[in-house]
Amino acid sequence: MNAIKITLMGAALAAFALPVFAQDSTPTPAPVTGSSIQDRKENQQDRIANGVKSGELTAGETTNLEKKESNLNHEEKDMRSLDNGKLTSADKATLNQQQNQLSNQIYKDKHNSAVQNTDPKSEVGKRAENQQDRIAQGVKSGQLTAGETAHLENNETRINQEVRADRAANGGKLTAAERKQVNQQQNRESRQIYRDKHNNRRQAK
């Protein structure tokens, strides 16, 4: 009988211990850092750029996402200006939560039924994707500050809005004159990206 009791008690103790071991094995979320905030921004830019390139994001969806990304960059800039260029733990948590929301929106926009009628040979489409890649690379490398990124994103938003309006007025296509005008605007944006990335201003981590 004693042997049976000991066996039962051992089994009971093991059962109680299982939840403890299970809790210990749960991975702890990585802390949000300034670097991880920058990584998230670069990742979001890449996803938007890929969506533009693939046609999964329409001009309207891209404009909306760019506006939200721009607002986040403005908010980050304001946060840093209040703390000598740094982000507090609360700032990082807030930005990370907002990037989570934007990430969900990017996913929804890329997987809905709306698609952009893109031509793989379209210079406008290729330029838009290329600018996004360059901005994303500048965010990742730290060459673009939050303020510079916000300004560039605002410019891209305006161009996207114009492309959207032009396409809506012409059955989803751009006229030769409209393509020329958009290309000129992207040329100016390209030069601005270059200047911002080479002005020796760096984004604090």
If you take the residues in segment 21-46 that are assigned to a helix (DSSP H, G or I), of a type outside the set (S, T, N, Q) and modelled with pLDDT under 80, which one is farthest from the chain's Cα centre (by Cα)? Phe21
Can you find even one residue in segment 117-125 that is in contact with a helix residue (DSSP H, G or I) (Cβ under 6 Å, 6 or more places away or on another chain) and either at pLDDT 90 or above or assigned to a loop (DSSP other than H, G, I, E, B) (or both)? yes
Working only within segment 47-70, note down all residues that are modelled with pLDDT of 80 or more and either within 11 Å of the chain's Cα centre (by Cα) or charged (D, E, K, R) (or both). Arg47, Ile48, Ala49, Glu56, Glu61, Leu65, Glu66, Lys67, Lys68, Glu69, Ser70
Residue list for segment 139-157, filter: under 11 Å from Gln38 (Cβ atoms) and surrounded by 23 or more Cβ atoms within 10 Å (Cβ to Cβ): Val139, Leu144, Ala146, Thr149
Screening Val139, Val163 for residues that are assigned to a helix (DSSP H, G or I), closer than 30 Å to Thr175 by Cα, out of contact with any strand residue (DSSP E or B) (no Cβ under 7 Å at 6 or more places or on another chain) and of a type in the set (A, V, I, L, M, F, W, C) leaves only Val163
Taking into account only those residues within segment 102-116 that are among the aliphatic types (A, V, I, L, M) and outside any loop (DSSP other than H, G, I, E, B), which is farthest from Gly51 (Cα to Cα)? Leu102
Does Gln99 satisfy being part of a helix (DSSP H, G or I) and either surrounded by 19 or more Cβ atoms within 10 Å (Cβ to Cβ) or touching a Cys at 6+ places or on another chain (Cβ under 9 Å) (or both)? yes
Can you tell me which condition Asn73 does not meet? The list is (1) crowded, with 17+ Cβ neighbours inside 10 Å; (2) among the polar types (S, T, N, Q); (3) out of contact with any His (no Cβ under 9 Å at 6 or more places or on another chain), and all the others hold. (3)
Residue under evaluation Ala168, criteria (1) surrounded by 12 or more Cβ atoms within 10 Å (Cβ to Cβ); (2) modelled with pLDDT under 90; (3) more than 24 Å from the chain's Cα centre (by Cα), criterion not met: (1)
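The values are calculated or read from the model by the stated rules, or taken from the named source; none is laboratory data. Because the structure is predicted, anything quoted here is derived from the model rather than measured. Glycine gets a Cβ as well: all are built from the backbone with ideal geometry, and neighbour counts include every protein chain shown.
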